[in-house]
Amino acid sequence: MLLTLIIKNIAIIKELELSFDSGLIVLSGETGAGKSIIVDSLNFLLGARTDKTLLKSGEAEAFVQGVFQINSNTQEQLKSLGIPSEDNIVIISRTLSQEGRTECRVNGSLVTLGMLRNITESMVDIHGQHEHQSLLKPKSHLKLLDAYIKDLDELKAQVADLYHEYKKLTFELSSFGMTDAERERMLDLLKFQIDEITQANLKDGEEQQLLDERAKIINFERIMRGLSQSYEFLSGSNGASELVSEAVSALGVISSYDPVYQSLYDRLQSLQYELDDIVALLKDNAESLNYDEKTADKIESRLDLIKNLKKKYGATLQEIKQFLEKAQNEYKRLSSSAEIIEQLKNDIEKASQELYQKAVLLSKKRREGAVEFCKDVKNELNDLGMAGSAFEIQFSEIPDKDTFADIIGVDGFDKVEFYFSANIGEPSKPLAKIASGGEMSRIMLALKMILSKHDEIDTMIFDEIDTGISGKIGQAIANKLACVSRARQVITITHLAGICAMADHNFLIYKQEDGGKTYTKVEKLDQEKTIKEIARLLGGHETSALSLEHAKELKEWSDNFKNNI
């Protein structure tokens, strides 16, 4: 149940805070006062897609928050998502920035838009002004019927699972959709690719090692010159090594006279040892260095091989290995394709048989449920002033086992459409083709009333469900809303006096100018102001003593009706 609604910077609403109770809550007001903005704000809060046009002009951010009292099912859902909740209360908020970005929070926890919708769809059901247009689309009819029939979820889940398994198997079989000759050509290609990669015997780090070796060969003369000159500078006559040796001898004579001399002697002697080692290494490297044209050719040939393999099978050694593994698996699969195809065909036949049986069972349960569904709809329509109307559900034929695969889907193979006749003696025709706007509104209300008995949604919101309706039919709708509101919270926007009079709580939506700007305001009405609003709806802008008296009588009658429900 919605307890509190806070709206900031939505359209012409600067800031509103509304508190709601249980029962029937009615919002009324002049056309253009901002009644639809309240519903738009609720839709936004509950996860509807929107854009920055909803944001009040000149403001940086819009904000909507709702405080709800929730049932145990919603509390368990929040618990499964790791969202804490206490005392059966949940606080939902959503913001909208100038850039069109939104942020959703549930009890302070940041949630995705999808998570928000999953949470709120079991809490609030909103019927907008144009929602009845969904009845014009036969695709929505099956969903409505399934929502009515009890204990259908498990069977539908089985059909969906079997359908996915069947499609998976048929897709696997289609991957073998080639002739024997095509398969042999593919096997030859795969074998060539596998052999080419495996025979190359690539090793980790090999390419870089080859590149280093090639660099040495390319720069052979420069390297040799560097080694030779370094050796000569160090070991030749008057070379660094000989001069350091003489310096060591000179210091050795005086090293005993002072610790400083001894330290210098020791360091210089270490340097001599290091120089002698470097000289030896320079000599060894120079003597071992040679230019081998055959080796150079092998290196170039190996690098070309690696380059070609990378061009064909992957930019890195890891990618080439992955290609090889995939090719080997595909080769193995195609090599044993005859056995696999036979097994797949058997599995498909088994899955097809089971899917067909479950889909037929699902169809039969739908047809059985449709009988009661139509009865309930006609009873509701009778209460709404359409006693002579007829309501039927037409089903597509159950296909045979050989052809059902062409039309089966996750929901089975049923195609249903609602048929309607407004008058006795007239044949029923597709609902989308013959129902008027007022009739469509009442049919949708009837469906809402029926489906509400099968769900645990605590709050139902109707945005001008009475469009195109007046008189006795409007009163019938008021009576129906009152009955539903005894078991759950019902919030409705209306222009009918009968519905306004039936309310347990009345709110007036109006516009007010302030500082050259127009704002939407909402006032909770007491008994006296409620009577005046009922009188306004009865007689337009001018209220008279007669309309006030009529309003009082209508309010008394409505209160008496509710007391006897």
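One residue is enough: does the stretch 376-388 have a residue meeting the conditions closer than 15 Å to residue 148 by Cβ and polar (S, T, N, Q)? Yes, that holds for at least one residue.
Within the stretch 50-64, residues that are of a type in the set (Ser, Thr, Tyr) sit with their Cβ atoms under 9 Å from residues that are surrounded by 10 or more Cβ atoms within 10 Å (Cβ to Cβ) and part of a strand (DSSP E or B), at 6+ positions apart or across chains, in these pairs: 50/96; 50/102.
Each residue in the stretch 305-351 was checked for being in contact with a Leu (Cβ under 9 Å, 6 or more places away or on another chain) and among the acidic types (Asp, Glu), and 2 pass.
In the stretch 502-525, the count of residues that are surrounded by fewer than 23 Cβ atoms within 10 Å (Cβ to Cβ) and in contact with a His (Cβ under 9 Å, 6 or more places away or on another chain) is one or more.
Out of 172, 165, which single residue is in contact with a helix residue (DSSP H, G or I) (Cβ under 7 Å, 6 or more places away or on another chain) and modelled with pLDDT of 90 or more?
From the options 172, 165, the qualifying one is 165.
Scan the stretch 452-471 residue by residue and report those that are polar (S, T, N, Q) and surrounded by fewer than 16 Cβ atoms within 10 Å (Cβ to Cβ).
Within the stretch 452-471, 470 is the sole residue that qualifies.
Each row is one residue, and each column tells you yes or no for (1) surrounded by 15 or more Cβ atoms within 10 Å (Cβ to Cβ); (2) at pLDDT below 90; (3) more than 30 Å from residue 295 (Cα to Cα).
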{"position": "222", "(1), (2), (3)": "no, yes, no"}
{"position": "225", "(1), (2), (3)": "no, yes, no"}
{"position": "229", "(1), (2), (3)": "no, yes, no"}
{"position": "240", "(1), (2), (3)": "yes, yes, yes"}
{"position": "247", "(1), (2), (3)": "yes, yes, yes"}
{"position": "253", "(1), (2), (3)": "no, yes, yes"}
{"position": "256", "(1), (2), (3)": "no, yes, yes"}
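Apart from one condition, residue 169 fits all of (1) closer than 16 Å to residue 309 by Cα; (2) in a helix (DSSP H, G or I); (3) within 45 Å of the chain's Cα centre (by Cα); the exception is (1).
Exactly one residue out of 89, 149 is over 24 Å from the mean Cα position of the chain (by Cα), surrounded by fewer than 14 Cβ atoms within 10 Å (Cβ to Cβ) and aliphatic (A, V, I, L, M), and it is 89. Filtering 100, 128 for residues that are at pLDDT below 90, small (Gly, Ala, Ser) and exposed (fewer than 15 other Cβ atoms within 10 Å of the Cβ) leaves a single hit, 100. Is the stretch 340-360 home to any residue that is surrounded by 16 or more Cβ atoms within 10 Å (Cβ to Cβ), under 30 Å from residue 145 (Cβ atoms) and more than 37 Å from the chain's Cα centre (by Cα)? Checked the stretch 340-360: no residue is surrounded by 16 or more Cβ atoms within 10 Å (Cβ to Cβ), under 30 Å from residue 145 (Cβ atoms) and more than 37 Å from the chain's Cα centre (by Cα). Contact annotation: residue pairs with Cβ atoms under 9 Å, 6 or more positions apart or on different chains, pairing a residue in the stretch 500-513 that is among the aromatic types (Phe, Trp, Tyr) with a partner that is surrounded by fewer than 22 Cβ atoms within 10 Å (Cβ to Cβ) and in a strand (DSSP E or B), are 507/18; 507/522; 507/523; 507/524; 510/521; 510/522; 510/523.
Apart from one condition, residue 494 fits all of (1) touching a Ser or Thr at 6+ places or on another chain (Cβ under 8 Å); (2) of a type in the set (Ser, Thr, Tyr); (3) without any contact (Cβ under 8 Å) to a residue 60 or more places away in the chain; the exception is (3). For the stretch 231-328, the helices (runs of 4 or more DSSP H) that sit wholly inside it and include 2 or more residues that are under 30 Å from residue 211 (Cα atoms) and charged (D, E, K, R) are 259-288, 293-313.
For beta carbons closer than 7 Å, sequence separation of 6+ or different chains, a first residue in the stretch 517-528 that is under 19 Å from residue 503 (Cβ atoms) and a second that is outside any strand (DSSP E or B) and modelled with pLDDT under 95, the qualifying pairs are 525/533.
Of the residues making up the stretch 394-433, those that are of a type in the set (A, V, I, L, M, F, W, C), under 36 Å from the mean Cα position of the chain (by Cα) and farther than 24 Å from residue 158 by Cα number 3. The single condition from (1) modelled with pLDDT of 90 or more; (2) among the aliphatic types (A, V, I, L, M); (3) surrounded by fewer than 15 Cβ atoms within 10 Å (Cβ to Cβ) that residue 289 fails is (1). Residues satisfying the criterion are present in the stretch 389-411 (criterion: small (Gly, Ala, Ser), under 22 Å from residue 484 (Cβ atoms), at pLDDT 85 or above and buried (at least 18 other Cβ atoms within 10 Å of the Cβ)).
The residues on offer are 474, 425, and the sole one that is surrounded by fewer than 23 Cβ atoms within 10 Å (Cβ to Cβ), at pLDDT below 90 and closer than 21 Å to residue 30 by Cα is 474.
Any chance the stretch 46-56 includes a residue that's over 17 Å from residue 113 (Cβ atoms) and more than 26 Å from the chain's Cα centre (by Cα)? Yes; the residues of the stretch 46-56 include at least one that is over 17 Å from residue 113 (Cβ atoms) and more than 26 Å from the chain's Cα centre (by Cα).
The set of residues in the stretch 12-42 being out of contact with any strand residue (DSSP E or B) (no Cβ under 6 Å at 6 or more places or on another chain) and surrounded by 20 or more Cβ atoms within 10 Å (Cβ to Cβ) consists of 28, 38, 40, 42. When each of 47, 66 is tested for being within 29 Å of residue 486 (Cβ to Cβ) and assigned to a strand (DSSP E or B), the lone residue that passes is 66.
If I ask for residues that are farther than 29 Å from residue 486 by Cβ and modelled with pLDDT of 90 or more, which ones from the stretch 15-34 would you list? Residue satisfying the conditions is 15 alone.
The values are calculated or read from the model by the stated rules, or taken from the named source; none is laboratory data. Keep in mind the model is a prediction, meaning the values are calculated, not measured. Cβ coordinates were reconstructed from backbone atoms using ideal geometry, including for glycine residues, and neighbour counts include every protein chain displayed.
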